[in-house]
Amino acid sequence: MRARIFILITLAAAAAVLALSQLISNNYVFFAGYTVLQFVVLATAWNILGGYCGYVNFGSAAFFALGAYASVFFHKTYPLPVPLLILIGGIVSGIVGFGMGYLTLRLRGAFFSIATLALAVVLQTLVVNWDFVGGSRGAYVIHAATIDVFGIALPYAQYLFLLMAALTVLALVTARTIERSRLGYGFATIRDDELAAEASGVPTLRLKLIATTLSGALMGMAGAPLPYYIGFLQPSSAFDLQYAVNSIAMPMIGGTGSWIGPLVGALLLGIVQQVATVTISSAVNLLIVGVLLVVFVIIAPNGLVGLVTQLFARKR
């Protein structure tokens, strides 16, 4: 019952966003909102493996870029609607996530994290040398200024924003469903004590493979609309350091281990970065991430959600 209520609330919020979007004439709001929601999906996806299972993934940018280049590939071979490209990006990145998990999940701690970072380097090298998708030169993705959606002519920026809003709802519902399910409890046993979980008969490898597949798929889905968002995709933009850094920092600032932590962290950090981009420069975004991360590690090591929970517990 609670799950149904949560789904209804998220759908109502998405419908409210859709209604409000029709009252806004400034397209920059949609571009900025798209970026913030994109980071909500990335942070939520990272949290499935890093927060629920305790396996820190440094290769978020690789899965994100896989989704983006899957869109470029089909744009050049047989153009498809963006929602279908989002699905394809999720499938491609999910398969790679499964393969990465099968090869690396026997590693633990820093060794696993280094292996995921190596995956990002290898994939970037492959893309740089793949001329069909633009290689090191990059590739243009041209789209119409507007698109017809159920008889309504929407500017493309609004269209992409609404698609990312729908994907955000999907990611949050998936994360919350996992957290309250037997699968989530299995993830928690791996995070708390993997050896004890194995001794108790928990199929840890199977659960970790599920986590890497789901996490990779959601990251790929977040990356699939990117070529249409920026119009020109090159390896340095698809594998940008900000995706790897933000996808880790946002859950840590908001609080790992729960579905709401990445949401809070991504909204806070994403909005601050967008304001800084407009008022100062986008070059300070990573500096903002670093400063906030250090501050929250010292003041609230369990994130904002953990800090608020502790304050309420003390009052009781």
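The values are calculated or read from the model by the stated rules, or taken from the named source; none is laboratory data. Note that the structure is predicted; figures quoted are calculated from it, not measured. Cβ placement follows ideal geometry from the backbone for every residue including glycine, while neighbour counts extend to all protein chains displayed. Only protein heavy atoms, including side chains, enter the accessible area calculation; ligands, DNA and RNA are left aside. Shrake-Rupley method; radii C 1.70, N 1.55, O 1.52, S 1.80 Å.
Structure notes:
- In region 181-193, the residues that are closer than 17 Å to residue 261 by Cα and open to solvent by 80 Å² or more (accessible area, probe 1.4 Å): 191
- Answer residue from region 37-81, given it is crowded, with 19+ Cβ neighbours inside 10 Å, among the β-branched types (Val, Ile, Thr) and more than 17 Å from residue 104 (Cβ to Cβ) and is nearest to the chain's Cα centre (by Cα) among those: 41
- Check on residue 178, modelled with pLDDT of 85 or more, more than 14 Å from the chain's Cα centre (by Cα), crowded, with 17+ Cβ neighbours inside 10 Å and hydrophobic (A, V, I, L, M, F, W, C): yes
Listed here are the residues, each with its yes/no results for (1) free of Cβ contacts under 8 Å to residues at least 24 places away in the same chain; (2) exposed (fewer than 14 other Cβ atoms within 10 Å of the Cβ); (3) among the β-branched types (Val, Ile, Thr).
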residue: 125; (1), (2), (3): yes, yes, yes
residue: 139; (1), (2), (3): no, no, no
residue: 145; (1), (2), (3): yes, yes, no
residue: 148; (1), (2), (3): yes, yes, no
residue: 153; (1), (2), (3): yes, yes, no
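- Residue match in region 253-266 (condition: open to solvent by 80 Å² or more (accessible area, probe 1.4 Å) and either in a helix (DSSP H, G or I) or closer than 18 Å to residue 36 by Cβ (or both)): no
- Residue among 214, 167, 162 that is buried (at least 21 other Cβ atoms within 10 Å of the Cβ) and farther than 19 Å from residue 54 by Cβ: 167
- Filtered residues of region 71-88 (kept if in contact with a Leu (Cβ under 7 Å, 6 or more places away or on another chain) and either in contact (Cβ under 8 Å) with a residue 60 or more places away in the chain or of a type in the set (A, V, I, L, M) (or both)): 71, 72, 82, 83, 86
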